[in-house]
Amino acid sequence: MKKAVLFFVLCSAHFSWSQTKTAIDSINNISFALKTEKAAYYTAVYLKNANVAQKINYQSGVADSYSNLSLIYYYQGKYDENVAYSLKAIKIYEQTKQREKLAAEYGELGYRMKRRNMPKAQEYMQIAKRISEKQNFTLASMKIYDNYGVLKEMQNQLDSALFFYNKALALKEVSHDSVGIPYSLNNIAGIYLMQKRFDTAKSLYEKVLKIRQSTKDHIGIAENYTSFGDLYATQNNHKAAIEYYKKALEMATHYNYIDLMSSSYKMLSQEYELLGNNNEAFRNYKMHIQYKDSILNQHTNAKIAELEVEFQTNEKEKQLAENRNQLLQKDIQVRKSRFSLIIIAVFAFFLMLISYLVYRQQKLKNKQQAQEFDLKTAISQIETQNKLQEQRLTISRDLHDNIGAQLTFIISSVDNLKFGFNIENKQLDNKLKTISDFAQSTIVELRDTIWAMNNNAITFNDLKTRVLNFIEKAKIAKEEISFKFEIDTDFQNLKMTSIVGMNIYRTIQEAVNNCIKYSHATAISIETKHVGNTIEISISDNGLGFDIQDTETGNGLQNMKKRIESIRGKFSVTSEITKGTKIKIVLPEPKSSNTSDL
């Protein structure tokens, strides 16, 4: 009787476990289109799915849930979470020896890092390709080939890209993959577009759109509209291109596909600029910068680096353990093979072997301690940077919430006084207006300071946007003055510290304000260009000018000079009566385009 009861309990437990496992797998196999369409909802679903799988020790279910979470976070633009869960899935697939899923996950991780770190993306993609080809995994290979082709295309290796796209398409057609075929066709059409084979590219894009509409692949349809936009833009049909980019933007916004939103705003800005619609070009460019900043921020990059260091450290420790085991096996074989030698020889060899092992072990220990020290130092630096960023955010919030609110209260109070009382004293009315204008100006200055504090680094694009905003306001105040702002295209992605960026911006702002107030100029020009190994910024006007020798320089010029000299630059002023004034700033050129010595 006891045995029968025990057997019944065990059978019931097994049946319950099987049912739970089936439910976990069903959730993990939800279609790609549904997961990306309702990404926010399925985030919670897959977190819960992973917890349930963990409780019953169903490691395959845990790994698949992590893989799905990585995909969902990628389409939401949360790239640190995307990398974290992908690496977690890879670790479990390795432990459970699920080679096909391991290859697929490496491929996905490489593809999703293509815009942030191309060398790392290629490294992961090559690992995926090597595993998949060695084991002849058809399903994994066709997706890896497709994504590897994208990486080649981004590096302008068009023949290699077309080769991998066709390999992927051949596998998908054999497997009747209705979801994957349009992606390969779309990629091949993109190569034909780059080769200016417009009719062939358009025919393929139309075929792809029909397939995706029939399968209701909303993300795919949005990307297809972008492809049509690229097609018409390449043929200089800017109005048609704008129409399709707007369609792509509308769908990307609806499904919160941030990466596509950023690129759509960028392409719209370029097309409007080519049509001469500068207002729309500028508005879309600002939106592109806003979403680009949300994708590539300092916190995300630091988090990715931290996660990769953690993952690679685990891999190195695993390799060290395997090497130690191999060394021990070799030592045992050596001792057995020489056991027949005379006692004195064996004893001498034994002493030498032990000495060697002790020496090697000590060397390995010292090396490991050095690596641990380096890792702790790196972690400490990251923590310090994070704390510093938190302090910056706290200070900027305090400035915005406290001082900003108080200045706004002052403006509101002054306006209430002016409108609530019939002030006939013109001098008092002017004084109140001066207070209001000063408070408003102070709020603008405060916002610029907060903007600088919230960024570890500033690009020339950021600086360009700020200067353009300032010029727009100056145009409103002085409609009779024409403004010109030119920036060398070499500097578009050049980075500088927030201190350097703020000092350059303040100097340009002060120089332009001086021109407006004192020069009586009708034209003001701001120009940035490469001169040898330096960056030269000049602000010039066609105003009254002045005699530098006979005029005592005021606080404004002195402050500008001190700002530029504090960031290792040179500041000079040239002016001639009736011929205008020119301020020149010369800064050392950074050693590379990605990091700045400024």
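The values are calculated or read from the model by the stated rules, or taken from the named source; none is laboratory data. If you're wondering where the values come from, they're calculated on a predicted model, not measured in any experiment. Note: ideal-geometry Cβ built from the backbone for every residue, glycine included; neighbour counts use all protein chains shown. Quick note on the areas: whole protein, heavy atoms, side chains included, nothing else; ligands and nucleic acids left out. Shrake-Rupley method; radii C 1.70, N 1.55, O 1.52, S 1.80 Å.
Out of all the residues in segment 482-507, which are open to solvent by 10 Å² or more (accessible area, probe 1.4 Å) and more than 25 Å from the chain's Cα centre (by Cα)?
The answer is S482, F483, K484, F485, E486, N503, R506.
Test of understanding: among N237, N284, N278, N256, which residue is among the polar types (S, T, N, Q), in contact (Cβ under 8 Å) with a residue 12 or more places away in the chain and surrounded by fewer than 21 Cβ atoms within 10 Å (Cβ to Cβ)?
N256
How many residues does segment 529-580 contain that are open to solvent by less than 20 Å² (accessible area, probe 1.4 Å), in contact with a Leu (Cβ under 9 Å, 6 or more places away or on another chain), in contact (Cβ under 8 Å) with a residue 24 or more places away in the chain and not hydrophobic (A, V, I, L, M, F, W, C)?
1
Pick out the one residue from I343, I304 that is β-branched (V, I, T), at pLDDT 65 or above and out of contact with any Leu (no Cβ under 8 Å at 6 or more places or on another chain).
I343
Tell me yes or no: at least one residue of segment 512-526 is assigned to a strand (DSSP E or B) and of a type in the set (D, E, K, R). First the steps, then the outcome.
At the first step, the residues of segment 512-526 found to be assigned to a strand (DSSP E or B) are 523-526.
Adding the requirement that they be of a type in the set (D, E, K, R) leaves none.
No, the conditions are met nowhere in segment 512-526.
Taking the residues in segment 454-481 that are outside any loop (DSSP other than H, G, I, E, B), touching a Lys or Arg at 6+ places or on another chain (Cβ under 8 Å) and surrounded by fewer than 18 Cβ atoms within 10 Å (Cβ to Cβ) as candidates, determine which candidate is modelled with the lowest pLDDT.
Among them, the one singled out is A457.
Please work out if K129 is within 24 Å of A39 (Cα to Cα), of a type in the set (D, E, K, R) and touching a helix residue (DSSP H, G or I) at 6+ places or on another chain (Cβ under 6 Å).
Judged against the criteria, K129 is not a match.
What number of residues within segment 75-85 are closer than 16 Å to R116 by Cα and assigned to a helix (DSSP H, G or I)?
Matching residues across segment 75-85 total 7.
What's the total number of residues in segment 177-194 that are open to solvent by 70 Å² or more (accessible area, probe 1.4 Å) and over 22 Å from T36 (Cβ atoms)?
Summing the residues that are open to solvent by 70 Å² or more (accessible area, probe 1.4 Å) and over 22 Å from T36 (Cβ atoms) in segment 177-194 gives 1.
When you check M267 against the structure, is it under 17 Å from G149 (Cβ atoms) and open to solvent by 10 Å² or more (accessible area, probe 1.4 Å), yes or no? Don't jump to the end; show me each part of the working.
Details: under 17 Å from G149 (Cβ atoms): no; open to solvent by 10 Å² or more (accessible area, probe 1.4 Å): yes.
No; evaluated as a whole, the condition is false for this residue.
Given the conditions (1) touching a residue at least 40 places away in the same chain (Cβ under 8 Å); (2) farther than 30 Å from I30 by Cα, and given that E243 satisfies all but one, which numbered condition is not satisfied?
Only one criterion is unmet by E243, namely (1).
Would you mention how many residues in segment 113-151 are at pLDDT 90 or above, buried (at least 21 other Cβ atoms within 10 Å of the Cβ) and of a type in the set (K, R)?
1
With E250, E273 as the choices, which residue is free of Cβ contacts under 8 Å to residues at least 24 places away in the same chain and surrounded by 16 or more Cβ atoms within 10 Å (Cβ to Cβ)?
The conditions single out E273.
Name the single residue that is farthest from S337 (Cα to Cα) among those in segment 372-382 being open to solvent by 90 Å² or more (accessible area, probe 1.4 Å) and modelled with pLDDT of 70 or more.
If we take residues in segment 372-382 being open to solvent by 90 Å² or more (accessible area, probe 1.4 Å) and modelled with pLDDT of 70 or more, then K376 is farthest from S337 (Cα to Cα).
In segment 27-74, which residues are part of a helix (DSSP H, G or I) and among the polar types (S, T, N, Q)?
Across segment 27-74, the qualifying residues are N28, T36, T43, N49, N51, Q54, Q59, S60, S65, S67, N68, S70.
Mind checking which pairs have a first residue in segment 485-508 that is part of a helix (DSSP H, G or I) and a second that is open to solvent by 50 Å² or more (accessible area, probe 1.4 Å) and modelled with pLDDT of 85 or more, Cβ under 8 Å, 6 or more apart or different chains?
N503/R563; N503/S566; R506/R563; T507/R563
Being under 22 Å from the mean Cα position of the chain (by Cα) and more than 22 Å from I188 (Cβ to Cβ), is that true of even one residue in segment 236-247?
no
Of the residues N555, N542, only one is polar (S, T, N, Q) and at pLDDT 85 or above; which?
Going through N555, N542 in turn, the sole match is N542.
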